[in-house]
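Input: a single structure, listed below in structure tokens.
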Amino acid sequence: MQYVSTRGQAAPQSFSQILLGGLAPDGGLYLPAEYPQVTGAELDAWRTLSYADLAFEVLKKFATDIPQADLKALTHKTYTADVYCNTRSGEDAARITPLCVLEEKDGTRLILQALSNGPTLAFKDMAMQLLGNLFEYTLAKQDAELNILGATSGDTGSAAEYAMRGKKGIRVFMLSPHGKMSAFQTAQMFSLQDPNIFNIAVEGVFDDCQDIVKAVSNDLEFKTRQKIGTVNSINWARIVAQVVYYIRGYLSATTGNDQKVSFTVPSGNFGNICAGHIVRMMGVPIDKLVAATNENDVLDEFFRTGIYRVRKASETYHTTSPSMDISKASNFERFIFDLLDRDGDRVRALFKKVETQGGFDLSGKPGSDGDEFRKVAQYGFLSGKSIHQDRVQTIRDVQAKHGVTIDTHTADGVKMAREFLTPGIPMIVLETALPAKFNETIQEALGRDAERPAGFENIEALPQRFEVMPAAVEKIKAYIARHTGL
């Protein structure tokens, strides 16, 4: 399996060659040269597998240069009941991502897929725990070290830090928007005292953090000298690890391969739903992929109009589903690459226009950059926007009707899923996080605190260690150099 850049000017690479990096040398994102296909016979054979064994079967299609015995050992080390044990309803932890049917009417089921049973109570753990083990395995093989630079709007940071803490040869430099995460999310990151973890609170919004990561990744000399890698979803291994739970969700919601399912995905950076796109391209019978956005609706605007218009920091709203407070979706380029029939030159030109003019237009109207918006429906995408009042009401409604407490981002997903139900086709909403991470809004919606798993009772009271810095690339680079000694 070889990987190519969305911008068409980087040499093909193997899985292990792209694992530790982020952006391709030409500034693009890596994707398989061809998507591996999944047959009906394989889906049938996979129905009875454990999550770890399913992960192995999926990953061996993508990581063809890692010995299969090693890959199987890595998936079995990662996906265990001990790691994914923060269940709320007594579900067997060995199932890792159990389904919960919320509503059933006229043969149509609305289903939650639990993805937040990992150590940081968010879906990011599903990929990040594997990434930590893959990094450690690869670095040991190379007798090398890695300095991870990441950006987070809330959950990626803690998931990465918990996965990488104590890992040999790894340091983590995590950028987050100062004062714009929930109190729980902030404490979860900043309370870590491990010497290989460095938290930097950037004076700006998430997109400023993400832009810094990309700028550093595009400085090839600095990136090489400082041994910079990334754990953001621009890293291909993050995406491919998420492919697994889509397939698990499909298999758990169906009994035969003549059935379809749809997924609704709370989406800001397009990483999670991009994995769903890849699963659909692999031949798994997915009907619709619904992108549920919050007030920062750049993705909803594209899927309604064909216009991709990024917002400035001053136009980015600070919301009660803060992990989606993103106005420049870094993974969106992977979908555009497929939408444009993998024309790297056009992709490069369009995303150059994003940087210089703030967006592009594929609506097909006079003066637009193309008419590919007409093909979006072929890929199953739909979208919608949920605002604060919507998510508060949805949290109340789901609690009242079903006795289930959901977090704010999952509430955005449930709202949009209800609007796009199709008779006879199960709709799976991908859970984003446990509600304890957004207690302020749970209190507003339900008049009480969200339940907390053991060990997290007083996390906000723990000592915190972080640096506040301006959104300045050179200052961040100097900080990294100072703490690596390279």
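Only the coordinates and a few stated rules stand behind these numbers; no lab work does. Remember, predicted model here, so these are calculated numbers, not experimental data. A quick note on method: Cβ atoms are made from the backbone with ideal geometry, for glycine too, and the neighbour counts reach across all protein chains shown.
Per-structure values
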quantity	calculated
Cross-link reach list, lysines versus Lys365, counting only Cα pairs under 17 Å and skipping chain neighbours closer than eight places	Lys375
Two-site label geometry, Glu457 and Asp258: point separation in nm, points 7 Å out along Cα→Cβ	5.5 nm
Subset of Lys214/Lys328; Lys227/Lys477; Lys288/Lys312; Lys180/Lys312 violating a 23 Å alpha-carbon distance limit	Lys288/Lys312
Computed [θ] at 222 nm, helices only, for the chain once each DSSP H run of length n ≥ 4 contributes -39500 (n - 2.57)	-12000 deg cm²/dmol
Segment Thr39-Thr484, extension gain: residue separation times 0.36 nm, minus the distance between their alpha carbons	155.5 nm
Candidates per trypsin sites (Lys or Arg not before Pro) in the range 131-189, loop by DSSP, up to 10 other Cβ within 10 Å	Lys168
Net length gained if the chain between Ala349 and Ser314 were fully extended (0.36 nm per residue, minus Cα distance)	10.0 nm
Pair Ser50, Lys401: separation of 7 Å Cα→Cβ label points (nm)	3.7 nm
GluC sites (Glu not before Pro) within the range 8-105: DSSP coil, no more than 16 neighbouring Cβ in 10 Å	Glu34, Glu91
Global form of the range 90-206, assessed from the alpha-carbon gyration tensor, a/c cut-off 1.5	oblate
Calculated over the range 227-350: convex hull of Cα atoms, volume per residue (Å³)	140 Å³
Equivalent ellipsoid semi-axes, the range 290-383, via Cα gyration tensor eigenvalues times 5, rooted, Å	22, 15, 12
Distance from the range 411-464 to the range 93-156 (C-alpha centre basis), Å	16 Å
Set of lysines with alpha-carbon distance to Lys77 below 22 Å, sequence-local pairs under 8 removed	Lys60, Lys61, Lys124, Lys141, Lys167, Lys168
Kirkwood hydrodynamic radius of the range 341-463, Cα pairs, Å	18.0 Å
Span-like helix ranges in the chain, DSSP H, alpha carbon extent 24 angstrom or more, Kyte mean at least 0.0	236-253
Proximal charge balance of Glu372 [Cβ under 11 Å; K/R count +1, D/E count -1]	-3
Extent along principal axes [Cα atoms of the range 405-468; Å; largest to smallest]	51, 30, 22
Label point 7 Å beyond Cα of Glu221 along Cβ direction - residues of the range 1-29 with amide nitrogen under 19 Å	25-27
Per-selection metrics, the range 33-163 (Cα): Rg and Dmax in Å	16.7, 58
Average projection area in nm² (convex hull over Cα atoms of the chain, one quarter of hull surface)	20.9 nm²
Cα-projected label distance for Thr356 with Glu104, points at 7 Å along beta-carbon direction, nm	5.7 nm
Rounded to 5, the percent of DSSP beta bridges in the chain classed as antiparallel	30 percent
Using a Förster distance of 30 Å, the FRET efficiency for His76-Asp341 (Cβ separation, nearest 0.05)	0.20
Normalised per residue, the volume of the convex hull around the Cα set of the range 204-259 (Å³)	118 Å³
Principal axis dimensions, largest first and in whole angstrom, of the range 1-85 by Cα	42, 31, 23
Trypsin sites (Lys or Arg not before Pro) restricted to DSSP loop in the range 298-378 with at most 12 other C-beta within 10 Å	Lys312
